[in-house]
Structures are given as C-alpha cells and as structure tokens.
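The values are calculated or read from the model by the stated rules, or taken from the named source; none is laboratory data. Worth saying up front: this structure is predicted, and the values here are computed from it rather than measured. Cβ: placed from backbone, ideal geometry, glycine included. Neighbour counts: every protein chain shown. The area values use the complete protein model at the heavy-atom level, side chains included, leaving out ligands, DNA and RNA. Shrake-Rupley method; radii C 1.70, N 1.55, O 1.52, S 1.80 Å.
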Amino acid sequence: MTQMLLNQLRQICGDANVLTHDDPATDLSPWEQDWRKRVRGRALAVVRPGNTEQVAAVVKACGAAGTSIVPQGGNTGLVVGGVPDDSGRQIVLSMTRMNAVRAMDPANLTITVEAGCVLQNLQAAAEAAGFLFPLSLGAEGSCTIGGNLGTNAGGTQVVRYGNTRELCLGLEVVTAQGEIWHGLTGLRKDNTGYDLRNLMIGSEGTLGIITAATMKLYPQPAAQLTAWAAVPSMEAAVQLLGLAHQRLGPGLTGFEVMGQFALSLVDKHFSHLRVPLWQNNPWCVLLENSDSENEQHARNQFEALLEAAMDCGCVSDAVVAESLTQAKGLWHIRESITLAQVQEGLNIKHDISIPVSRIPTFVAETDALLAREVPGVRMVDFGHLGDGNLHYNVQAPEGVDGQAFLRDNEDRVNTLVFDQVAKFNGSISAEHGVGELKVGKLPLYKDPAALAMMRAVKQALDPQNILNPGRVLT
Ligand code: FAD
Ligand code: 2HG
Ligand code: ZN
C-alpha cells in the first residue's frame, strides 16, 4: 500500500521530487527538523509538487491511501507546525518549487505569487515595479508567503499595515478532497457569503493547502528614517508609543521594544553589531517613520517627536540613523535577538499579546512571579510593542543547562505566564500560531464556544483529518 502510494506520488511529481529514506544519500533533516531543533520527525516522503494540479493529485492520492500531509514552506515556524511526526507515515508537502510571481496588476495594486515564493523575493519583485510589499520579519530570507499566510505572520510593520491577513486579497487553495478553489480575485469588496479566505489564513495547513495568493501592494514611502531610543521603563515606552502615534500619524511604520538582557545577548554573541545605548538603560525602542513627503520632513518630525519625548522624560537618550546603511544596521540588531537567544541555549518562548496599556503592569507582575517560582531566571523580553505583542521569553538561569531547564520548568512556566495573559485579557499566541507546541494549552485558554466552532469547521472541511493532524486542534 505504502509502495503503491509512493509510486503514484512519483508519477505525479516526478522521481526527483519524491524524497525518501530509502536513498541513503538523501538527508531529509532539513524538512524533518523544526527551526528551533526542538523536534525531529520522520517522514514517509518529502514531496515537492511543481504546480497546483500536482498538489491536487497528491492530496487525492494521499486521501485514498489514508496518509496525512504536512504542508511546509521555508520551515522557519516557531511552534512545531510544519514538520512531520515521528511515525514515518506522514508526507511533507514542500511548496518551495512553486515560487513563481504569476502576475502584477499595478492599477489594482496587487501581485499574485505562488505559495513557495520566499518573502524577500516577493518584496524585491514589488520594489522592482516601484511598489512596497510591507510584510517584514527576521526570517524573510527563507520563509515563504504560503507559510506567512498559513500562520498569519505579523512582523515589524503591523502597526501600520496589519498582519499577513490584512495584506491578502485572494487565495488559490487545494482542499482536503483534492479540489482546487480558484479564489485569486484581487477584489477589495466581495460579500457573497462566508469569508473562506480569512478562514484559510492562519489555519496552519489544517484546512487546505494554499498554492497561490493575491497580495496588496502599497506606494513606496518618499523617505524612511529609523531611530533608536533609550527609555527608563516600560511605562515610558508605552508613553512614547502614544506620542509617536500623535506626531507621526500613519508615518509610524515600526515600533519595537527590546529589554536590556535581550540586547546584552546580541552584544555577547554578535559583538561586531555594536548595540547602542543598552548598557545603562533597562529598555530600548526602535522606531520607524515612513514619510510621504521627503527626508527632511521625516527628520524634522522625528526630531520634534524625540525632543517632546525627552522633555516629558519618556526618552533618556536617542540616535537617529544618518543613512540607510545605519538604519539597516539598527534593524539587524533587533532581528538578531532570536539568533542570539539560540546561541545562549534552549529557552521557553511566549509570543503573547495584551492590550498595550496593560503591558507595563503585566511585565512587572509576571517578572516578579517568575523570579519567585524559578530563582535566577533571565527574561528575554522584546517585540512588537506597537501591536501589544511581546516575545516574553524565559532563559535558564546562568550556568543551568537549557535541556534540563526545559524538562523541569517548561510546563509550570507556561502555565504561570498563560494564566497571567488570561488575567490581562490577552492571547497566548499573537503571531506564531499554535502548531503542536501550544495545542495542549489552547483548550485551557480559548473560549469554549470558539473552540467548538473551530472543531466543527475542521470536521466539515477535512473529515478524514489528513491535513496536518494534531496541529491547532487535537
Ligand atoms: P513553515 O514553517 O514551513 O510553516 C508554518 C506553518 O504554515 C505550518 O503549520 C505549515 O503546515 C503551514 N504552511 C506552510 N506552507 C503552507 C501552505 N502553502 N499552505 C497551507 N499551510 C502552509 N513570525 C511572525 O509572525 N513574526 C515575526 O516577526 C517572525 N520572526 C521570525 C524570525 C525568525 C528568525 C524565525 C526563525 C521565525 C520568525 N517567525 C515570525 C515565525 C514564522 O511563523 C515565520 O517565519 C513564517 O510565517 C513561517 O513561514 P514558513 O514558510 O517558514 O512556514
Ligand atoms: C521576532 O519578532 C520573531 O523577532 C521571533 O517573532 C520571536 O524569537 C522570538 O521569540
Ligand atoms: Zn515577532
């Protein structure tokens, strides 16, 4: 039966695009291991379709054989959602060969790309045509638009442009039955029934396989400036955010907060990056101003904002990047925190959202609870403060082995943090998704009526449970 399925898959996609463990020269670990190296699965095969019809035929063949499918893009997900389990019976459907830009419609301000298109290539295609595709995140050199849609990724421009969902106008999807939904309309208005596009986005490969998407384009800003500000407290950071909204309006395209310990890890592991102002300040903020007039206008606005912020005491020191290279350098420091944390050792990640106004109290209270529960624990706090989204990550105490720390503490640390998140009316996953990592916790924190509707949707669209089983819902 298994051999019959593999033969069918080879007929559909070609021998070279069905990789199995039978060939000792083929290393499947890039598809079987998650980015954080927390889980190593074992696939029956890695299948790499080249077009939508092949995806549909693969799904039909797998459905007939009762074999489940794990869709995968760049495999940069952080919640164990895109790698197979260890049964050796699932196939990984790698979308990376489907990476074409299919169409550009400048008048409609849209671009249509295949799901395996790497985010950076989509940004570059938009730029080459004189437009901006604003989705931006640290993994943009390897994540794909299919994975971004699958997880409804956020990133650093959400404060102005929204999550991936807000950037999408149409989808092409292969259903669990192997049918093709041709939904690449590019329409900004369409009230003909249930919103299937938004249902698919953020479903983490459990409801359908996204094969292509029509995404929104924006005019490029006339000028873009970046500032790095030291702030004396999280309260001050929130105050600065309010001022930035007031003074910059829609020009505010990025507002990131970074805690001192998070920056110290970048300094320790990537000392060549020259992190500014971190040593004497508990928090730093990275702000971006995208101006529709010109650079001088942007600079004047920024300087006026920082002056006002210093007057009211919410900024203690600041630098404004003098060039694009300097600005990129500042962003690179911000995007290096995740990698610096990897260098420091295994850690417990929390990707949470809380109403912005309540973040300072949340952090103060939860830091104190954690310090009492796990003495010596080191907090790697950073993230998208403009969206109320914190990466509230917990690193083992100095000198404690990461593996042992996770084994002894992960569950109770998660429970402590998630209980606090619930108390503050927040979400236990702001932008990374649920995957397998949070699937056990979701029923404890999601509204029961919402959870029941989610189960009903899954049952209706994928009654055989062949699309990414065990992720999002169990
Ligand atoms: P994968 O990891 O391959 O898959 C992710 C999920 O989507 C899986 O459940 C998979 O089954 C599903 N999927 C993949 N392709 C499809 C498809 N075609 N159809 C249906 N389902 C599919 N996330 C943020 O939101 N904001 C950030 O700022 C951010 N920064 C990151 C920085 C780093 C250094 C890293 C490593 C990750 C970061 N992420 C961030 C997490 C990650 O979610 C994103 O990188 C990205 O959205 C995942 O895309 P991918 O192509 O790698 O997807
Ligand atoms: C980011 O904002 C990513 O850099 C990764 O979402 C967050 O490493 C993390 O916890
Ligand atoms: Zn993030």
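Summary table
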| read-out | value |
| --- | --- |
| Debye log10 I(q)/I(0) at q = 0.12, 0.20 Å⁻¹ for the stretch 45-196, Cα point scatterers | -0.54, -1.37 |
| Within the chain, helix-based [θ] at 222 nm, where runs of 4 or more DSSP H residues each add -39,500 (n - 2.57), nearest 500 | -11000 deg cm²/dmol |
| Fraction of accessible area attributable to carbon and sulfur, the stretch 188-264 (%, probe 1.4 Å) | 51 |
| Cross-link pairs K349/K423; K37/K423; K189/K216 - those with Cα-Cα distance over 22 Å | K37/K423 |
| Carbon/sulfur fraction of accessible area - the stretch 379-422, other protein chains in place, 1.4 Å, % | 45 |
| Mean-position separation - Cα centroids, the stretch 11-46 and the stretch 100-153, in angstrom | 26 |
| Cα-based Rg of the stretch 271-392 normalised by 2.2 N^0.38 Å, two decimals | 1.22 |
| Counted charge near G249, where neighbours are those whose Cβ lies closer than 15 Å (Asp, Glu -1; Lys, Arg +1) | -1 |
| Built amide H within the under 5 Å cut-off of G81, gap 5+ | E436 |
| Shape call, the stretch 323-428: gyration tensor on alpha carbons, a/c limit 1.5 | oblate |
| Cβ-based net charge around P360, under 13 Å, with every Lys or Arg adding one and every Asp or Glu removing one | -3 |
| Average silhouette area of the chain, convex hull of alpha-carbon atoms, in square nanometres | 22.7 |
| Three-way shape label, the stretch 1-118, alpha-carbon gyration tensor, a/c 1.5 | oblate |
| Charge tally in the Cβ shell below 11 Å around G116, where Lys, Arg are +1 and Asp, Glu are -1, G116 excluded | +1 |
| Accessible solvent surface per residue of the stretch 297-344, calculated while the other protein chains remain in place, 1.4 angstrom probe, Å² | 49 |
| Residues of the stretch 104-248: accessible area per residue with a 1.4 Å probe, Å² | 38 |
| Partners for K458 among aspartates and glutamates (Cα-Cα distance below 19 Å; same-chain residues under 8 apart left out) | E172, E179, D195, E204, E436, D447 |
